[in-house]
Amino acid sequence: MRLDKYLAQMSMGTRSEVKKFIKSGRVFVNGAPASGPEQKVTEEDDVELDGEKVSYERYVYYMLNKPQGVVSATKDNTCRTVLSLITDGTKKDLFPVGRLDKDTEGLLLVTNDGELAHRLLSPKKHVDKCYFTRVTGQIHGEDIHRFKEGLDIGDEKKTLPADLEILSSGEISEAKVT
């Protein structure tokens with residue numbers, strides 16, 4: 001890959017900024033000054049900017065505690081997205097693995113590793129997910145059976161069956177859904 005692209009992907013600056021770094025002699029490849037932005041480098045090359053090693057990371061992974069009010073998307077015209085919460089590194093090619101509703105908070109994986117995302121989300125692979133919820137009102141024993149059968153939430157099909165465990169009941173009930 002081109003040296004300027006390599007440095008830009010590793011968040012050392014924009015392509016135009018890293019071209020200036022290269023031309024000013026601030027970038028070294030395998031101990032020698034870089035010959036130009038078009039110089040080809042691989043993951044195995046020793047690349048330095050201002051004496052600091054720049055390691056190439058093909059895939060990046062973020063475990064993100066998504067807050068309420070943020071959408072699990074890469075772009076949205078009306079709401080903040082989970083990508084806006086990531087302030088370090090490059091956001092190029094990052095996407096959330098799965099989704100949590102706008103009003104839901106919890107752990108969300110954000111990555112650029114499409115193969116891993118597919119393995120985690122593919123219905124054929126089925127990876128269990130666990131949700132804890134607080135509900136205004138009572139949760140009853142018959143609700144456990146309804147979750148096991150799948151719920152009609154207004155879509156074409158019912159939801160997949162799930163296990164519901166009532167953790168507490170009262171005016172505000174708590175439950176775990178897996």
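The values are calculated or read from the model by the stated rules, or taken from the named source; none is laboratory data. Everything quoted here is computed from the prediction, not taken from an experiment. Note that we place each Cβ from the backbone using ideal geometry, even for glycine, and neighbour counts take in every protein chain shown. Remember, those area values only see protein heavy atoms, side chains included, never the ligands or the DNA or RNA. Shrake-Rupley method; radii C 1.70, N 1.55, O 1.52, S 1.80 Å.
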Query raised in the report: Sorted by packing (mean other beta-carbon atoms within 10 Å per residue), highest first, where do 63-69, 75-81 land?
Result: 63-69, 75-81
Report summary line: Result for the chain: accessible area per residue, probe 1.4 angstrom, in square angstrom, of 68 Å²
Query raised in the report: So for the pair Asp93, Thr78, with labels modelled 7 Å out along Cα→Cβ, what separation do we get in nm?
Result: 3.2 nm
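Nearest 5 is fine: what % of DSSP beta bridges in the chain come out antiparallel, could you say?
In the chain, DSSP labels about 95 percent of beta bridges as antiparallel.
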Report summary line: Under the Karplus relation with 6.51, -1.76 and 1.60 and θ = phi - 60°, whole-Hz ³J(HN,Hα) for segment 60-72, x at Gly and Pro, equal 10, 9, 10, 9, 10, 8, 5, x, 4, x, 10, 9, 8
Report task. Using semi-axes √(5λ) of the Cα gyration tensor in Å as the read-out, say which of (1) 40, 21, 16; (2) 24, 22, 15; (3) 48, 16, 13 was calculated from these coordinates. Result -> (3)
Query raised in the report: What is the magnitude of the charge dipole of segment 1-46 about its Cα centre, with +1 placed on the Cβ of each Lys and Arg, -1 on the Cβ of each Asp and Glu, and no other charges, expressed in debye to the nearest 20?
Result: 320 debye
Query - Heavy-atom accessible area ranking, 1.4 Å probe, most first, across Tyr131, Tyr62 - result: Tyr131, Tyr62
Query raised in the report: How about segment 22-100: which GluC sites (Glu not before Pro) there lie in a loop by DSSP and see at most 14 other Cβ atoms within 10 Å?
Result: Glu38, Glu43, Glu44, Glu57
Query raised in the report: Which of the lysines could a cross-linker bridge to Lys23, judged by Cα under 22 Å and excluding same-chain residues fewer than eight apart?
Result: Lys5, Lys40, Lys53
Query - Sequence-separation-based contact order of the chain, relative, with Cα cut under 8 Å and 6+ spacing, percent - result: 14 percent
Query raised in the report: With point charges of +1 on the Cβ of Lys and Arg and -1 on the Cβ of Asp and Glu, referenced to the Cα centre of the chain, which listed residue (Pro161, Tyr62, Ile144) lies farthest in the positive direction of the dipole?
Result: Tyr62
Report summary line: Expected sort for 13-20, 151-158 on mean C-beta neighbours within 10 Å, highest first, is 13-20, 151-158
Query raised in the report: Taking amide H positions as placed 1.01 Å from N in the peptide plane, with prolines and chain starts having none, which residues 5 or more places from Ile139, or on another chain, fall under 5 Å of its amide H?
Result: Gly170
Report summary line: Sequence order, segment 119-131: Karplus ³J(HN,Hα) from phi using 6.51 cos²θ - 1.76 cosθ + 1.60, θ = phi - 60°, Hz rounded, Gly and Pro as x, gives 5, 7, 9, 4, x, 5, 8, 5, 9, 5, 10, 10, 10
Query raised in the report: Taking 0.36 nm per intervening residue step and subtracting the Cα-Cα distance, what contour gain separates Tyr59 from Lys125 on full extension?
Result: 21.6 nm
Report task. Given the options Ala73, Ala32, Ala117, state which has the largest fluctuation in a GNM of the chain using a 10 Å cut-off (strictly under) for Cα springs. Result -> Ala32
